[in-house]
Amino acid sequence: MAISVPEELYPPQLPEREIDVISSRDPTEPIPIHKLTGRASIGDFLGFGGMSVNVGYWEPVNPVDFKHDERVGLEHGWGAPPSAYESLAKALALRGVGAFTIGDSRSFGLLGDLYLPNYFNVAEISSKVAWTTMKIVERLTEGERSFVMYGHSMGGQTATNVSDFGRGKIRGLIVDGSCGAEEHDFIESWSRAQRFTGGEFTARACEIVMANPPRLLPDLVYHALRNLPRTLLEGINAGSTNLHESWGRLGKLGVRTAAIQSARDVFSPADAVERDSSDVLGAIHRRDDPESGHLAPQLDPEGTADIIIAILDEWSRPSLTPA
């Protein structure tokens, strides 16, 4: 059963004149891929103010190189800019899957940033931004599309919300080290954040910068500080959410679900996720690397892309039983 997206929640169309398309090609890659970028200025889903939505979309140049029809939306984790997922998007495109990053201006506009009710809906605003990027991708690729949403860390909540509202367009949901996957309180979330910052993030910061686009570091600073109240409230919201009900509902309505877990993920412990979420997620895939942690999508985008492709391949095979 598919439901239509309520028009009062998500803008159904974007003006053509607000879409900017840039194409580029790298002849050194095994298959030719190109990147399209799109943006839109919207304010429909804010109580007051406006914001810009930005998309970077990678896909094979030649239609014969596509391995799957779905386009994969990459929803970022807390404090991470879209550029932290560009290497993953490119890796997916080189494997025959169109993929796009999801971002916005962070600010709600000069007056919108001062409008307090906007900050009570940070999770809803993020999901509406993600929905808008799907509309931009359809405009960029000149056709109706079906999508698979991938959400890393806090992005698991956003990707879940979009999948819940957009079941008519979204074929599957993949969460990676997602918030809301196992039972814990906000105090425990805060403790995990401290261990992560003092552990994996500090120890591997240089590797992350070297493995990703050069602008990642300034993007990280901008993303976190451009609207600091929003950033803080997004973290609080993600740290206290529970997504089990939504995942169970999606599975019953025919939206495929899967999780990716890392062996040493401080934020989303693999054993706890398997204990608490195995009955509401279609499958849980563990990374092979015993040292993998919460930042695996940034440190090993190639390996992450391989797992996503394996999940899409599995979903493509005929099944006698629902996921």
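The values are calculated or read from the model by the stated rules, or taken from the named source; none is laboratory data. On a predicted model such as this, the values are computed, not experimentally measured, just so you know. So basically every Cβ, Gly included, is an ideal-geometry build from the backbone, and we count neighbours across all protein chains shown.
Here are the numbers for this structure:
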| read-out | value |
| --- | --- |
| Qualifying residue in the range 95-103 (condition: within 22 Å of residue 219 (Cβ to Cβ) and among the basic types (Lys, Arg)) | no |
| In the range 40-53, the residues that are over 13 Å from residue 107 (Cα atoms) and either modelled with pLDDT of 85 or more or not in a strand (DSSP E or B) (or both) | 44, 45, 47 |
| Failed item in (1) at negative phi; (2) not in a helix (DSSP H, G or I), with residue 113 passing the rest | (2) |
| Selection status of residue 290, modelled with pLDDT under 90 and within 26 Å of residue 190 (Cα to Cα) | no |
| Which numbered condition residue 143 fails, given (1) in contact (Cβ under 8 Å) with a residue 60 or more places away in the chain; (2) assigned to a loop (DSSP other than H, G, I, E, B); (3) over 18 Å from residue 258 (Cβ atoms) | (1) |
| Any chance residue 158 is more than 14 Å from residue 308 (Cβ to Cβ) and within 9 Å of the chain's Cα centre (by Cα) | yes |
| Hey, residue 65 among the charged types (D, E, K, R), touching a residue at least 12 places away in the same chain (Cβ under 8 Å), out of contact with any Lys or Arg (no Cβ under 9 Å at 6 or more places or on another chain) and over 15 Å from residue 126 (Cβ atoms) or not | yes |
| Tabulated pairs, the range 91-110, first of a type in the set (Asp, Glu), second surrounded by 22 or more Cβ atoms within 10 Å (Cβ to Cβ), C-beta under 8 angstrom, 6+ apart or interchain | 104/51; 104/53; 104/129 |
| Residue among 248, 293, 303 that alone is without any contact (Cβ under 8 Å) to a residue 24 or more places away in the chain and either surrounded by fewer than 17 Cβ atoms within 10 Å (Cβ to Cβ) or more than 19 Å from residue 127 (Cβ to Cβ) (or both) | 303 |
| Meets criteria (under 25 Å from residue 122 (Cβ atoms) and of a type in the set (D, E, K, R)) for residue 256 | no |
